1. In degrees between 0 and 90, to the nearest 10, how far off the longest principal axis of the chain does helix 296-311 point, with axes built from Cα atoms?
2. List nothing, just return the count: lysine pairs in the chain, 8 or more apart or interchain, with Cα separation under 29 Å.
3. In whole percent, how big is the carbon plus sulfur part of the accessible area of the chain, probe 1.4 Å, protein atoms only?
4. Rg and Dmax of the stretch 377-471, Cα atoms, in Å?
5. Report the semi-axes of the equivalent ellipsoid for the stretch 251-393 in whole Å, largest first, where each axis is √(5λ) for an eigenvalue λ of the Cα gyration tensor.
6. Relative to the longest principal axis of the C-alpha atoms of the chain, give the angle of the C-alpha long axis of helix 438-452, reported between 0 and 90° and rounded to the nearest 10°.
7. In Å², what does the accessible area per residue of the chain work out to with a 1.4 Å probe?
8. Over the alpha-carbon set of the stretch 237-329, divide Rg by the Kirkwood Rh and report the Rg/Rh ratio to two decimals.
Amino acid sequence: MEDQVLAMLRDQLADIILGTVFLFIASQMWGACSIAGIRRQSGIRIFIWLGIWSAIYGIGLLAQSPAVVAALPLSIQRSVPYVTTGIGYLTLVVGLCAFLELSLGVVRLLITILIFAGMAVALAGIGWFVFGGSGGKFIPYNTLIAVCGLLILVTVVAVKKLSDRFMVLLNRRVLAIGILVFAVEALWGNLSRNLHYQTPRVLGHLAFAVFLLSFAFVAMQMISANERRLLSIENELEVARQLQFSILPTSIPEVRNVRIAVTYRPMTAVAGDFYEFIPVDRNQVGFLVADVTGHGVPAALIASMIKVATQSVVACAHDPREVLRGLNRILFRQLHEQLVSAAYLWLDTENRKALYSAAGHPPLLRWREGKLERIESNGLLLGVIPDPDYPVCELPIRCGDRFLLYTDGVIEPENSSGDSFGDRKLEQVVRNNQSLPPSELSDQLLSEIRLWQPASLAQQDDITLIVIDVV
């Protein structure tokens, strides 16, 4: 009796060991998938499918072992035939889904068709078995789909021009070897059965292992390449961020009887907001704030162009109309599909006057004697037409006046109900903190904006704020 048991275990030992190995491989792939997901890498879906593929193959092997099945609780033993039938049909579908992650163009379309065909056959075969029929009734159709998929895979991987065009592969040779081993074993297995020659089952399992690991190797290379590319992009963005900050003013100009505070908070590594000071002497200074439509690198490139353009309008810093027209002339042919809003404020503390003009920008705010005024003197956005006009508003200034220049990132943040921070909330913050110096008011305003937005929501736009007090 012991000899019979040992003989039975020897026959099943290969299936038990290999089934466990495939489950272990699946756990490693899911572990790699989890790490890639935590690090926010792309291309992790292929590891999900490969993990599922390896897991169901391993479960299928273990389910074919009477010794393993006998060790299971009775309730689970009853479900084993259903599990093996499902695995018999779904292994192909999962493998095609893994292959789909590496395919492009026409090949991707063909694989998608095969996946839907495989799902249809699987539903028919499993349903037929559940309702009392034979579990293998639709297996020939499943085999036909598998052969079609394997032929497509072999053809595309074997021909370099096709793999370059229709596959996402960094190392075609490794996958080609895995496919060749699997295809040769499958062909030999079918021929030997027709010739009534029995080959060891372990060869088929080992061939599948080689095929699966070659797939995993290619997937890992793809993930690593994506990580290197992301690191390169992050390094380039950091350089771009440093360059962008280098074009902003390095210090606040010293102007008689004026206190100035600036807040600049990009939404991403680089921003489309820009500000500049044009000081003439201790009594006269210009303030420029601009906001490029869009975000990220394209907007940041245009913001750097505004810096260059600003140098050409320094001579007319006392005339807001000419400053904005000069910027528009320089930028008009360079903006293409993007536009720029801008606001320019000229302060002359010696003659106690201010001049203001804007190009499609949020209004200038002036706090005076307990009242907040919205001063609008807008022309068209920069880049709309070649020679627009920009109206200028002249404002007398007094001791105690407070001016706020800002971009729409200050007023557009929304709360959980979808309500914008808006002018009314901005006025409330300014009113409640009128005694604070400019720098503390800026900090308080940023805090209120963060409290207004849901904690889980990241900053939605670039923020630039200049607070100017006349003292």
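1. In the chain, helix 296-311 runs at an angle near 20 degrees to the longest axis.
2. Numbers: 307/353; 353/371; 353/425; 371/425.
Going through the chain pair by pair, I get 4.
3. Values: 14670 of 24190 Å².
Carbon and sulfur: 61 percent of the exposed surface of the chain.
4. Gyration radius and largest Cα-Cα distance of the stretch 377-471: 15.9, 44 Å.
5. Working: eigenvalues 117, 57, 47 Å².
Values for the stretch 251-393, descending: 24, 17, 15 Å.
6. Helix 438-452 sits at roughly 40 degrees to that axis.
7. Working: 24190 Å² over 471 residues.
Roughly 51 Å² per residue, with all protein chains present.
8. Values: Rg = 13.7 Å, Rh = 14.0 Å.
Reported Rg/Rh, Kirkwood definition of Rh: 0.98.
The values are calculated or read from the model by the stated rules, or taken from the named source; none is laboratory data. Predicted model, so just to flag it, every value in this text is computed and none were measured. Neighbour counts run over all protein chains shown; Cβ positions are idealised from the backbone, glycine included. Surface areas here come from the heavy atoms of the whole protein model, side chains and all, with no ligands, DNA or RNA. Shrake-Rupley method; radii C 1.70, N 1.55, O 1.52, S 1.80 Å.
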